[in-house]
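The values are calculated or read from the model by the stated rules, or taken from the named source; none is laboratory data. These figures come from a predicted structure and were not determined experimentally. Note: ideal-geometry Cβ built from the backbone for every residue, glycine included; neighbour counts use all protein chains shown. Side chains included, ligands, DNA and RNA excluded: accessible areas come from the protein's heavy atoms. Shrake-Rupley method; radii C 1.70, N 1.55, O 1.52, S 1.80 Å.
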Amino acid sequence: MKEIRFHGRGGQGAVTAAEVLAVAAFKEGKYSQAFPFFGVERRGAPVMAFTRIDDEFIRLREQVYKPNYIVVLDPTLMEVVNVFEGMREGGVVVVNTAQMPDLPEGVDVRIVDATKIALEEIGKPFVNTPMLGALIGVTGLVNIDSLVSTIKERYPGEVGEKNARAIKRTYEEIKEG
Amino acid sequence: MKTVMEGSNAVAHAIRLCKPEVMAMFPITPSTHIPENLAQMVADGDLDAKLITVESEFSAMSATVGASATGVRAFTATSSQGLALMHEVVYAAAGMRLPIVTTIVNRALSAPINIWNDQQDTISERDSGWLQIYCETNQEAVDTMIQAYKIAEDKRVLLPVFVCMDGFILSHTYEPVDIPEQKDVDEFLPPYKPEHAFLDPDKPMTMGPFAYPKPYAAMRKELSKDVMKAKAVVKEVHDEFAKKFGRSYGNGIIEEYKNDRPIAIVAMGSVCGTIKEVVDKRDDVGLVRVRCYRPFPKEELAKALKDKENVIVFEKNVALGLNSGAMYPEIKDVLYSAGSKARVNNVIGGIGGIDVTKENVENFIERLKDKEGVVEFLGGDPNE
C-alpha cells in the first residue's frame, strides 16, 4: 500500500488533489481511498489530505501517519508545520517552490515551481493539479495519461485542457530534475 | 459500474434510486453533502421528488412524518444536534408505524460543541422504536439505504429505519462504490403502497391519537414485540439483496470475522475495517461486527460470543452515569443469559473524532486480554 499526504492551505485544492489521485489510480485497476484531515475548513489555514493506493480494497480507516510520499503545495507551510513528520524511509517530498528550502538531514526533497507554471498555463495560481504532475513524475504512482484523463473528466472543456498542459509541464520538468 | 466517489454523494445516489417522493431536510455537518447532492439531483431533473427546505431539524422530521402519513415514501438525513432536535418526533414516527428512512451521518453531541464522529447521536435514540443499521463502508451505506425502505415498508415491520454511517470517516471519504442500476433497484424495491396509514381528506383518520393507560400500554407492548420481530425481515431483505446484487454483510444482522479465536472484539461501523487489519496480524483475536443494533441481535450474539474467553466491547458512545458504553451492559446481559463464562471488558474510543489507529487496537487488546470488567477510555494518543 502507498500512502500520500498533501499539505496545503485552505482554498489551494489539497483535498481535490487527493481525490483526483485516487480516481486516477482506480482507473488503472488499483483500489484507492482519499479523505481530508477532518477539520474546520478556513481559507488560508493549513490543511491536509490523504490518498491511499493498494491492490485490494482498503479497509483501514486511520489517518495517514507514515506517508510514503508528501506533497507541499505552499512552501511557507514549512515554517509552521513539520511537513516531514512520520515520513517512511525512502520517502520523497515534492515541494512547490522556485528555490530549494533549508532542509533537515536525510530527507529527499524535489522541487518544482508549480506556481509559475500554473500562472503561465492556467492563468491562475491553481497549484494542486500541476503538483500532481510533479508527484507522479517523481513516483510513477499513476501514469500521466490516467491523470490527464481524470482531470479532463473533472474539469471538462478549456479548464481541463489548461490544467492538463500544466500537469504535463511539471511532470516533464521534475523528471528532467 | 464501480467508481471512486465521496460517501455522501454515493448515498445520495442510493436515495435517488429509491425514488422518495418527499424529502424534508436541514443541513448540518457532516451530513450536509447529502441534502446538497439531492437538491442538485432534483434541480437537474434526475429525481422527481418534492424537496422541502425547512427551518430546523424538528421541522424536517415533522414534515417527513406528515409526508409519510399521507402514504408516500419519505426521506430525511441529519447528524448530531439535528437528530437531538428531532427527538420528540422520532418517537412519534415509530409509534405511528411510519416507514421512514433517515440517513444519520454520525457525529458527537454537545457540549462542548464538536463536529466530528462518534455514535452518541443514534445511541441516544436506541429506545425510540427505530431500527438502527450501522455501516462499515460506503458501499454498505449505499446497499443498506436500498434495503432499508424494503425493510421499513414490509407489512410485518412498518417501522422507521436509521441507516448510520460514520461522519467524515465515511461521509467525506472517496472510495470505490458500485452504484446499482435503476432497473435492478426497481425490481428489488417496488413502489410503496400504504395500507395502514393514508391521510386522505375523503377518508379522514387520526394517527397517533390520545390513549388512556391501558390501550397505551398495550400499544407499547405490541410495538416492543414488533421491533424484535423486524430482525427476521432485516435478514431476509439482506439475503434477497445479496442474491440479486452479489454483495452481503455477514448474515445481515452481525458479521463474524475470524471469530474462531479465544478473544472477540465487538464493534460497530467504520472502525471495524481498522480492527480487521489488526485481526489479520494476530491469531488470538476475532471480530464480531454488530450491523443491526436495533433490534438488538441477542440470539446471534449469544451464539457468536458465549464460548469466548474474553469479549472486548469497543464503542463510540458514553453512557454517562453508568461509566461505560451503552452496549457493554447489553453484551453482558446476552452472555449472562447464555450462561457464558467469558470475561467482558469495554473500550470507549473514537469519541468526538479521536482517530482510532491499528496501534490503539493492538494496545487495548494487550492491556485487556487477561482482564475482566475493565472500562477504558481512549484519549487520542495514536500509540495509546
Would you say residue B:371 is more than 23 Å from the chain's Cα centre (by Cα) and outside the structural domain of residue B:107 (by TED's automatic domain parsing)?
yes
Taking first residues from the range A:55-67 that are facing another protein chain (nearest Cβ under 7 Å) and second residues anywhere that are crowded, with 19+ Cβ neighbours inside 10 Å and assigned to a loop (DSSP other than H, G, I, E, B), the pairs with Cβ under 6 Å that are 6 or more apart or on different chains are A:61/B:169; A:61/B:270; A:62/B:355; A:62/B:357; A:63/B:355
If we keep only residues of the range A:27-51 that are more than 9 Å from every other protein chain (Cβ to nearest Cβ), modelled with pLDDT of 95 or more and more than 12 Å from the chain's Cα centre (by Cα), then the residue surrounded by the fewest Cβ atoms within 10 Å (Cβ to Cβ) is A:29
Tell me, please, whether a residue that is of a type in the set (Ser, Thr, Tyr) and either surrounded by 14 or more Cβ atoms within 10 Å (Cβ to Cβ) or in a strand (DSSP E or B) (or both) can be found in the range A:76-90. no
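Taking the residues in the range B:100-125 that are part of a loop (DSSP other than H, G, I, E, B), touching a Ser or Thr at 6+ places or on another chain (Cβ under 7 Å) and open to solvent by less than 10 Å² (accessible area, probe 1.4 Å) as candidates, determine which candidate is farthest from residue A:59 (Cα to Cα).
Filtering the range B:100-125 down to residues part of a loop (DSSP other than H, G, I, E, B) leaves B:100, B:107-119, B:124-125.
Of the ones still in play, those that are also touching a Ser or Thr at 6+ places or on another chain (Cβ under 7 Å) are B:100, B:107-109, B:115.
Still in the list and also open to solvent by less than 10 Å² (accessible area, probe 1.4 Å): B:100, B:108.
Details: B:100: 30, B:108: 23 Å.
My answer is B:100.
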Screening B:45, B:66 for residues that are within 26 Å of residue B:220 (Cα to Cα) and either among the hydroxyl-bearing types (Ser, Thr, Tyr) or open to solvent by 20 Å² or more (accessible area, probe 1.4 Å) (or both) leaves only B:66
When every residue in the range B:241-274 that is over 18 Å from residue B:141 (Cβ atoms) and aliphatic (A, V, I, L, M) is compared, the one surrounded by the fewest Cβ atoms within 10 Å (Cβ to Cβ) is B:263
Here the qualifying pairs (Cβ atoms under 7 Å; residues six or more apart or on different chains; first in the range B:342-360 and closer than 26 Å to residue B:303 by Cα and away from chain A (no Cβ under 11 Å); second among the hydrophobic types (A, V, I, L, M, F, W, C) and in a helix (DSSP H, G or I)) come out as B:342/B:305; B:342/B:335; B:344/B:331; B:344/B:335; B:345/B:368; B:347/B:364
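So if I check each of B:315, B:362, which one is more than 30 Å from residue B:231 (Cα to Cα) and in contact with a helix residue (DSSP H, G or I) (Cβ under 7 Å, 6 or more places away or on another chain)?
Values: B:315 fails: more than 30 Å from residue B:231 (Cα to Cα).
Of the residues listed, the single one that is more than 30 Å from residue B:231 (Cα to Cα) and in contact with a helix residue (DSSP H, G or I) (Cβ under 7 Å, 6 or more places away or on another chain) is B:362.
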Of B:326, B:338, the only residue that is closer than 23 Å to residue B:135 by Cα and away from chain A (no Cβ under 14 Å) is B:326
The correct count of residues that are acidic (Asp, Glu) and in contact with a Leu (Cβ under 9 Å, 6 or more places away or on another chain) in the range A:89-127 is 0
Residue hits (the range B:10-42; open to solvent by 20 Å² or more (accessible area, probe 1.4 Å), in contact (Cβ under 8 Å) with a residue 60 or more places away in the chain and within 20 Å of residue B:98 (Cβ to Cβ)) are B:19
Of (1) closer than 22 Å to residue A:175 by Cβ; (2) within 14 Å of another protein chain (Cβ to nearest Cβ); (3) open to solvent by 10 Å² or more (accessible area, probe 1.4 Å), residue A:103 fails just (2)
Log entry, pairs with first residue in the range B:205-231 being in contact (Cβ under 8 Å) with a residue 40 or more places away in the chain, second being loosely packed, with under 15 Cβ neighbours inside 10 Å and among the acidic types (Asp, Glu), beta carbons closer than 9 Å, six or more apart or on different chains, reads B:231/B:299
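One line per residue, one yes/no per condition, for (1) touching a strand residue (DSSP E or B) at 6+ places or on another chain (Cβ under 6 Å); (2) within 14 Å of chain A (Cβ to nearest Cβ):
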residue	(1), (2)
B:288	yes, no
B:296	no, no
B:306	no, no
B:312	yes, no
B:316	no, yes
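I'm trying to understand the selection: among the residues of the range A:62-75, which are open to solvent by 20 Å² or more (accessible area, probe 1.4 Å) and under 22 Å from residue A:1 (Cβ atoms)? Let's see the steps before the verdict.
Kept after step one, since they are open to solvent by 20 Å² or more (accessible area, probe 1.4 Å), are these residues of the range A:62-75: A:62-63, A:65-66, A:68-69, A:74-75.
Correct list: A:62, A:63, A:65, A:66, A:68, A:69.
Condition check: within 15 Å of residue B:85 (Cα to Cα) and not in a loop (DSSP other than H, G, I, E, B). Does residue B:8 satisfy that? Walk me through it before giving the result.
Numbers: within 15 Å of residue B:85 (Cα to Cα): no; not in a loop (DSSP other than H, G, I, E, B): yes.
No, not satisfied.
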For the range B:16-37, the count of residues that are in contact with a strand residue (DSSP E or B) (Cβ under 6 Å, 6 or more places away or on another chain), part of a helix (DSSP H, G or I) and closer than 19 Å to residue B:147 by Cβ equals 1
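A quick yes/no check of all residues on (1) in contact with a helix residue (DSSP H, G or I) (Cβ under 7 Å, 6 or more places away or on another chain); (2) part of a helix (DSSP H, G or I); (3) more than 21 Å from residue A:28 (Cα to Cα); (4) touching a residue at least 60 places away in the same chain (Cβ under 8 Å):
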residue	(1), (2), (3), (4)
A:137	yes, yes, no, no
A:146	yes, yes, no, yes
A:166	yes, yes, yes, no
A:174	yes, yes, yes, yes
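From the list B:171, B:128, pick out the single residue that is surrounded by fewer than 24 Cβ atoms within 10 Å (Cβ to Cβ) and under 27 Å from residue B:350 (Cβ atoms). Please lay out each step first, then the result.
Details: B:171 fails: surrounded by fewer than 24 Cβ atoms within 10 Å (Cβ to Cβ).
The match here is B:128.
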task: May I ask you to verify whether residue A:24 is within 18 Å of the chain's Cα centre (by Cα), within 12 Å of another protein chain (Cβ to nearest Cβ) and assigned to a helix (DSSP H, G or I)?
output: yes
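Taking the options B:275, B:254, name whichever one is among the hydrophobic types (A, V, I, L, M, F, W, C), within 13 Å of another protein chain (Cβ to nearest Cβ) and out of contact with any Gly (no Cβ under 8 Å at 6 or more places or on another chain).
B:275
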